[in-house]
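Engineer: To start, I am sharing the structure in question, which I have written as structure tokens.
The values are calculated or read from the model by the stated rules, or taken from the named source; none is laboratory data. Computed from a prediction, not measured in an experiment: that's the story for all the values here. Every residue, glycine as well, gets a Cβ built from its backbone with ideal geometry; the counts of neighbours run over all protein chains shown. The protein model used for the area step is the full one, side chains on, heavy atoms only, and it has no ligands, DNA or RNA in it. Shrake-Rupley method; radii C 1.70, N 1.55, O 1.52, S 1.80 Å.
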Amino acid sequence: MTSQRTRDRLINRLQQQGIYNEQVLDVMRRVPRHLFVDEALAHRAYEDTALPIGYGQTISQPFIVAHMTQLLLEDGPANSVLEIGTGCGYQTAVLASIFPQVYSVERIEALHQLAKKRLAELDFYNVQLRHTDGAEGWPNPSYRFERIMMTAACTEIPEALTAQLSPGGVMVLPFDNGVEQTMTRVTRSADGLVSESLEKVIFVPLLPGLG
Ligand code: SAH
């Protein structure tokens with residue numbers, strides 16, 4: 001159930017659903033998603049579905065991981081990415097297979113520790129993880145990121161995050177207006193922040209403080 005054939009089937013499905021970026025498809029063919037979920041769920045790891053990872057959280061659906069990663073690449077390659085919501089670390093691994101420097105924060109200590117262990121075991125040396133509240137941005141306020149990806153839905157875009165977005169930088173996030181969630185792309189252009197609403201999505205909420 002975790003064979004290359006099963007993985008290839010998922011990649012074909014992603015292509016049919018509109019994932020066209022070859023780099024994203026190639027990386028998702030290689031990153032072992034089954035090693036980021038509980039052993040009891042490993043046989044379902046290459047289904048295009050979200051799965052529970054404990055603590056009331058989920059590993060995002062592969063299509064969503066591919067789509068958000070593809071959105072971050074639409075304006076060309078970039079050096080540094082900040083992810084809000086490490087969770088099990090799967091999206092982090094996908095990002096780290098594409099971008100040279102990846103930073104990711106998680107509010108639940110146990111998930112942070114588990115992701116750290118898994119990513120180290122898989123030899124991802126270009127990842128820095130922190131146990132912190134992502135709404136406050138990366139703990140070093142002087143850092144700037146060319147891309148930011150939030151993997152939990154927010155009701156307000158945290159200012160600490162837009163402040164850490166480089167000029168020309170792109171941030172993608174699920175935005176919750178109280179009724180529904182919409183994938184949103186925020187770009188820091190010469191005229192300031194430009195926000196675009198994309199499609200409807202469903203994410204776990206961005207929660208305040210540490211868990
Ligand atoms: N990126 C993950 C998705 C995990 S689900 C993947 O690859 O599948 C979203 C994660 O965001 C959860 O682990 C949740 O604990 C975390 N989260 C929610 N609010 C947060 C906050 N304020 N700061 C950091 N992480 C947060």
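Engineer: Using a 1.4 Å probe, how large is the accessible area of Leu206, given in Å² and rounded to the nearest 10?
Structural biologist: Accessible area, nearest 10 Å²: 50 Å².
Engineer: Among Val194, Val81, Val37, whose mean-square fluctuation peaks in a Gaussian network model of the chain (Cα, cutoff 10 Å)?
Structural biologist: Maximum among the listed residues: Val194.
Engineer: What does the accessible area of Val94 come to, in Å² to the nearest 10, when a probe of 1.4 Å is used?
Structural biologist: Here the residue's solvent-accessible area equals roughly 0 Å².
Engineer: Which percent, nearest 5, of DSSP beta bridges in region 49-201 are antiparallel?
Structural biologist: Bridges in region 49-201 that DSSP calls antiparallel: roughly 50 percent.
Engineer: Oh, and also: For Arg44 and Arg144, compute 0.36 nm times the residue count separating them, minus their Cα-Cα distance, and round to one decimal in nm.
Structural biologist: On the way: separation 100, 0.36 × 100 = 36.00 nm, distance 3.70 nm.
Full extension from Arg44 to Arg144 adds 32.3 nm.
Engineer: Now a separate question. How much length is gained on full extension from Thr132 to Glu156, taking 0.36 nm per residue of separation minus their Cα-Cα distance?
Structural biologist: Fully extending the segment from Thr132 to Glu156 adds 6.8 nm.
Engineer: Moving on to the next point. Using Cα-Cα distances under 8 Å and only pairs 6 or more residues apart, what relative contact order does region 49-201 have, in percent?
Structural biologist: 17
Engineer: Using DSSP to define loop residues, name the chymotrypsin sites (Phe, Trp or Tyr not before Pro) in region 113-211 whose beta-carbon has at most 11 other beta-carbon atoms within 10 Å.
Structural biologist: The qualifying sites are Tyr125.
Engineer: Please list, by residue number, every one of the GluC sites (Glu not before Pro) in region 180-211 that is coil in DSSP and has at most 16 other beta-carbon atoms within 10 Å.
Structural biologist: Filter output for region 180-211: Glu180.
Engineer: Kindly state, to the nearest 0.05, the FRET efficiency for Arg29 paired with Met1, given R0 = 25 Å and r defined as their beta-carbon distance.
Structural biologist: 0.95
Engineer: On to the next question. Summing -39500 (n - 2.57) over the DSSP H runs of n ≥ 4 in the chain and dividing by its residue number, what mean residue ellipticity at 222 nm do you reach, to the nearest 500 deg cm²/dmol?
Structural biologist: -8000 deg cm²/dmol, from helical runs alone.
Engineer: Now for a different question. Assigning unit charges at the beta carbon (Lys, Arg +1; Asp, Glu -1) and nothing else, what dipole magnitude in debye, to the nearest 20, does the chain show about its Cα centre?
Structural biologist: In debye, rounded to 20, the chain gives about 580.
Engineer: Right, here's the next one. Full extension from Glu74 to Asn12: what is 0.36 nm times the residue separation minus their Cα-Cα distance, to one decimal in nm? Spell out each step's value before the answer.
Structural biologist: Details: separation 62, 0.36 × 62 = 22.32 nm, distance 2.07 nm.
Using 0.36 nm per residue and subtracting the Cα-Cα distance, I get 20.3 nm.
Engineer: Using DSSP to define loop residues, name the GluC sites (Glu not before Pro) in region 72-167 whose beta-carbon has at most 15 other beta-carbon atoms within 10 Å.
Structural biologist: Details: sites: Glu74, Glu83, Glu106, Glu109, Glu121, Glu136, Glu146, Glu156, Glu159; in loops: Glu74, Glu156.
Here the GluC sites (Glu not before Pro) that fit, given the DSSP loop and packing criteria, are Glu74, Glu156.
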